[in-house]
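Derivation of every value follows stated rules applied to the coordinates shown; laboratory data play no part. Predicted model only: the values in this text are computed from it and were never measured. Cβ: placed from backbone, ideal geometry, glycine included. Neighbour counts: every protein chain shown.
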2 protein chains.
Amino acid sequence: MKEILAYYRDDLAAAEEIINGNIHSTIKVIPELSSYIFESGGKRFRPLLVIASAALCGYRGPKAHVAACVAEYIHTATLLHDDVVDESDTRRGRASANNIWGNEASVLVGDFLLARAFQMMVQNLDSQSLQVMAQACMHLAEGEILQLLKSFDVGTTVEDYYSIIFGKTAALISACCEVGALISGEEGARREALKRYGQEIGYAFQIVDDCLDVVGNPEKTGKPLGNDLKEGKLTLPILLALERSTREEKKKVRDALLADEFKPQLFVQVREVVEKYRGVEQARERAREHAARAIEYLEVFEDGLEREYLIAMARFIVERDM
Amino acid sequence: MKEILAYYRDDLAAAEEIINGNIHSTIKVIPELSSYIFESGGKRFRPLLVIASAALCGYRGPKAHVAACVAEYIHTATLLHDDVVDESDTRRGRASANNIWGNEASVLVGDFLLARAFQMMVQNLDSQSLQVMAQACMHLAEGEILQLLKSFDVGTTVEDYYSIIFGKTAALISACCEVGALISGEEGARREALKRYGQEIGYAFQIVDDCLDVVGNPEKTGKPLGNDLKEGKLTLPILLALERSTREEKKKVRDALLADEFKPQLFVQVREVVEKYRGVEQARERAREHAARAIEYLEVFEDGLEREYLIAMARFIVERDM
């Protein structure tokens with residue numbers, strides 16, 4: 001990853017400048033709250049994907065930086081609205097914005113970022129990119145709503161899980177890669193290939209995130225373990241373990257999910273079941289399959305550093321521990 | 001108003017069909033919650049303005065119906081997010097959506113409507129209309145944030161009040177009229193005139209709304225009296241009265257605003273001060289001035305039914321009791 005970040009350093013710096021430079025407002029809380037989020041060590045994964053996808057199609061320049069910023073704004077708006085929904089106290093290892101500024105400010109600054117993203121897109125991107133981003137925003141909202149509906153639902157299926165993560169994660173990541181192609185003037189098979197690559201690494205990304213919630217190191221991930229369970233989310237490692245568990249074990253998971261109050265002991269109880277059936281290993285295996293499929297889609301592109309880096313990113317996503 | 005609604009009946013019906021026809025989703029709560037809002041007797045004031053403005057510029061057709069729907073979606077998303085912010089229990093005389101479906105669903109269905117509006121705009125409107133709408137969304141978010149910051153703030157000034165209502169109300173109404181011009185191919189003085197007309201009636205509209213919160217008939221407005229004060233908002237009738245009130249009266253208002261718990265008696269106390277200094281009458285007078293200015297802007301248009309109707313709407317806004 002270090003090599004990739006060095007290769008795209010100037011582009012990432014340009015995107016970063018746009019990210020920090022477009023949150024000005026006469027209303028101080030907007031730049032304050034926004035900077036707090038942008039400085040809290042997000043991975044800038046979506047901006048990097050826009051830039052690297054455009055570069056793979058032969059374009060490096062300002063349109064990629066604007067599109068990168070747009071993707072980060074949309075993503076951040078989702079986080080802000082998500083924290084309100086989840087009533088989260090922490091995000092990336094720090095107090096969440098809603099915890100400091102209140103739910104109201106989080107909702108409204110999220111709306112501000114969406115509006116700014118919309119405005120920047122309209123001013124800088126082509127009509128096809130706009131449509132791709134608009135569609136991704138629809139999927140995002142749908143994914144979040146589905147997740148809300150399925151929270152604390154012991155009947156959640158693997159299929160439900162995939163619908164949720166398609167909406168909340170894969171759709172926007174896919175759009176980042178597709179827009180990278182579009183701003184480079186690619187409209188045919190290469191655009192389609194990047195779109196599909198993005199979708200597959202999006203799945204892989206979320207699945208690994210959900211694995212890290214069960215077995216990760218909170219100091220590296222910045223999130224407390226068992227947070228998903230606390231928020232009522234049944235994720236892939238748990239769902240896969242449940243498929244093979246005994247009735248008694250299913251009851252254990254159910255009791256933990258539906259407990260009046262979340263206690264760390266409940267999570268330990270669930271993790272025992274997940275460990276017994278190797279739920280995390282199985283989920284990671286699925287993530288690896290998605291990454292492998294993503295890499296296959298890149299075969300339409302000629303060999304070169306830009307392609308190597310996207311391949312490396314797909315592999316990194318699966319093996320990361322943070 | 002009846003005559004105007006009859007004149008634009010077909011256009012309004014077409015817009016209504018688009019409004020109800022674009023909330024479908026595999027996720028049932030989206031159409032459910034959205035229909036609940038759309039059926040709750042909104043005045044469709046923004047759609048009518050888009051249609052009437054376009055008609056004044058000589059255009060009646062599908063673009064106006066789509067733009068009308070977009071405006072209503074954006075407005076509704078704001079209401080949904082606003083109710084979460086205000087923790088409102090009622091909206092238009094019925095239980096508010098967040099009260100039935102929860103804050104989370106209100107935030108996310110609001111996001112869905114914004115995304116759909118964005119998508120419909122991108123697919124149907126020209127780039128200039130997109131920019132106008134994007135700008136309006138920015139102002140909306142800023143206005144809502146400013147309102148939040150100034151809530152329960154006894155130092156709120158008339159200038160603050162105008163900044164708030166510009167963002168939360170006048171900007172979108174102005175955009176509706178401006179987009180009406182743009183989709184008709186008007187880009188010069190007539191576009192500017194409609195933009196300014198919209199801004200002025202937007203001010204008038206919100207000022208009258210705020211007057212009705214002090215002296216309206218809840219059965220007609222669908223809102224309990226004194227709701228603004230309860231939510232910590234100091235509106236124009238109160239602010240104008242405060243300018244001339246005694247120290248003791250100022251303290252009364254301050255105590256009512258900052259009381260630990262809102263009680264109807266507190267509102268009565270404030271209303272006495274407002275009545276003594278004729279705050280409502282003064283505010284209504286200002287609304288009339290805005291309406292008069294709005295009507296002046298229409299002088300660049302030739303005489304005719306379409307112009308008469310926009311003039312009548314400006315007058316209606318000021319004199320309405322609902």
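Using a Förster distance of 60 angstrom, determine the FRET efficiency expected from the C-beta separation of A:Lys251 and B:Glu299, and round it to 0.05. Don't jump to the answer; show the numbers that get you there.
Details: r = 76 Å, r/R0 = 1.27.
It comes out at approximately 0.20.
Please give me, ordered by residue number, the chymotrypsin sites (Phe, Trp or Tyr not before Pro) of the stretch B:93-174 that lie in loop per DSSP and have at most 15 other Cβ atoms within 10 Å. Walk me through the numbers before you get to the answer.
Numbers: sites: B:Trp101, B:Phe112, B:Phe118, B:Phe152, B:Tyr161, B:Tyr162, B:Phe166; in loops: B:Phe152.
Hits after loop and neighbour filter: B:Phe152.
With a point put 7 Å past each Cα toward its Cβ, work out how far B:Glu272 is from B:Glu159 in nm, to one decimal.
Modelled inter-label distance: 3.3 nm.
Out of the stretch B:1-90, which trypsin sites (Lys or Arg not before Pro) are coil in DSSP terms and have no more than 12 other C-beta atoms within 10 Å?
Numbers: sites: B:Lys2, B:Arg9, B:Lys28, B:Lys43, B:Arg44, B:Arg60, B:Lys63; in loops: B:Lys28, B:Lys43, B:Arg44, B:Arg60.
For trypsin sites (Lys or Arg not before Pro) across the stretch B:1-90 that sit outside H, G, I, E and B with at most 12 neighbouring Cβ atoms in 10 Å, the list reads B:Lys28, B:Lys43.
Given the C-alpha centroids of the stretch A:265-286 and the stretch A:147-170, what is the distance between them in whole angstrom?
What the calculation gives is 18 Å, centre to centre.
Return the single residue from A:His24, A:His290, A:His65 with maximal mean-square fluctuation; model: Gaussian network over chain A, springs between Cα atoms under 10 Å.
Residue with maximal mean-square fluctuation among A:His24, A:His290, A:His65: A:His24.
Within the stretch B:203-232, list the residues whose amide N lies under 16 Å from a label point set 7 Å along Cα→Cβ of B:Glu281.
B:215, by backbone N distance to the label point.
Give the nm distances, rounded to one decimal, from B:Val300 to the matching residue in every other copy, measuring between label points 7 Å along Cα toward the beta carbon; shortest first.
4.8
Just name one of B:Val154, B:Leu49, B:Phe166: the one whose Cα is farthest towards the positive end of the charge dipole of the stretch B:2-319 (beta-carbon charges, Lys/Arg +1, Asp/Glu -1).
About the Cα centre, the residue reaching furthest to the positive side is B:Val154.
Expressed as an acute angle from 0 to 90° and rounded to the nearest 10, what is the orientation of the C-alpha long axis of helix A:9-21 relative to the principal long axis of chain A?
Approximately 80 degrees, to the nearest ten.
Helix B:264-276 against the longest principal axis of chain B: what's the angle in degrees, Cα atoms only, rounded to the nearest 10?
The angle comes out near 80 degrees.
For peptide A:74-81, what's the mean number of Cβ atoms from other chains within 10 Å of each residue's Cβ? Each step should come with its number before you reach the end.
Working: counts 1, 0, 0, 2, 2, 0, 1, 7.
Other-chain Cβ atoms within 10 Å of each residue's Cβ, averaged: 2.
Once you average over the residues of B:28-40, how many Cβ atoms of partner chains fall within 10 Å of each Cβ? Numbers along the way, then the final one.
On the way: counts 2, 4, 4, 0, 0, 1, 0, 0, 0, 0, 0, 0, 0.
Across the residues of B:28-40, the mean count of other-chain Cβ atoms within 10 Å is 1.
Kirkwood hydrodynamic radius of chain B from all distinct Cα pairs, in Å? Let's see the in-between values first.
Working: mean 1/r = 0.0498 Å⁻¹.
After inverting the pairwise mean of 1/r, the radius is 20.1 Å.
Taking each residue of A:145-158 in turn, how many C-beta atoms of other protein chains fall within 10 Å of its C-beta, and what is the average? Let's see the in-between values first.
Numbers: counts 13, 6, 2, 9, 6, 0, 1, 0, 0, 0, 0, 0, 0, 0.
Average per residue, whole number: 3.
Looking at chain B as a GNM with Cα springs under 10 Å, which of B:Tyr197, B:Tyr36, B:Tyr59 has the largest mean-square fluctuation?
B:Tyr36
Provide an ascending nm list, one decimal, of label-point separations from B:Glu272 to the equivalent residue in each further copy; define each label point as 7 Å from Cα along Cα→Cβ.
Spelled out, the distances from B:Glu272's label point are 6.7 nm.
Taking θ as phi - 60°, what are the ³J(HN,Hα) couplings along the stretch A:294-303 by the Karplus curve (6.51, -1.76, 1.60), each to the nearest whole Hz, with x for Gly and Pro?
Once rounded to whole Hz, the list reads 4, 5, 4, 4, 7, 5, 5, 9, 5, 5.
Looking at chain B as a GNM with Cα springs under 10 Å, which of B:Asp83, B:Asp260, B:Asp228 has the largest mean-square fluctuation?
Comparing B:Asp83, B:Asp260, B:Asp228 in a Gaussian network model of chain B, the most mobile one is B:Asp260.
Can you sort A:Cys69, A:Cys57 by how many other beta carbons sit within 10 Å, fewest first? Let's see the in-between values first.
On the way: A:Cys69 27, A:Cys57 20.
Ordered from fewest to most neighbouring Cβ atoms within 10 Å, A:Cys69, A:Cys57 come out as A:Cys57, A:Cys69.
In whole Hz, what ³J(HN,Hα) sequence does the stretch B:27-35 give by Karplus (6.51, -1.76, 1.60; θ = phi - 60°), x for Gly and Pro?
8, 4, 5, 5, x, 4, 5, 4, 4
List, in order, the whole-Hz ³J(HN,Hα) value for each residue of the stretch B:99-116 obtained from phi through the Karplus relation with A = 6.51, B = -1.76, C = 1.60 and θ = phi - 60°; use x for Gly and Pro.
Karplus values, whole Hz, x for Gly and Pro: 6, 8, 9, x, 4, 4, 5, 4, 4, 6, 5, x, 4, 4, 5, 4, 5, 5.
Please report Rg over Rh for the stretch A:113-212, where both radii come from the alpha carbon positions and Rh follows the Kirkwood definition. Intermediate values should be presented prior to the final figure.
On the way: Rg = 14.8 Å, Rh = 14.3 Å.
On the Cα set of the stretch A:113-212, Rg over Rh gives 1.03.
How large is the helix-only mean residue ellipticity at 222 nm for the protein assembly as shown, computed as the sum of -39500 (n - 2.57) over DSSP H runs with n ≥ 4, divided by its residue count, in deg cm²/dmol to the nearest 500?
Taking each H run of at least 4 residues, the total per residue is -24000 deg cm²/dmol.
What's the angle, to the nearest 10 degrees (0 to 90), between helix B:189-215's Cα axis and the longest principal axis of chain B?
For helix B:189-215, the angle is close to 30 degrees.
Per the Kirkwood formula on distinct C-alpha pairs, the Rh of the protein assembly as shown is how many angstrom? Each step should come with its number before you reach the end.
Working: mean 1/r = 0.0383 Å⁻¹.
Averaging 1/r across every pair of different Cα atoms and inverting gives 26.1 Å.
So the label point sits 7 Å from Cα along the Cα-to-Cβ vector; using that for B:Asp255, what distances do you get to the other copies, in nanometres, sorted shortest first?
Nearest to farthest, the other copies are at 5.6 nm.
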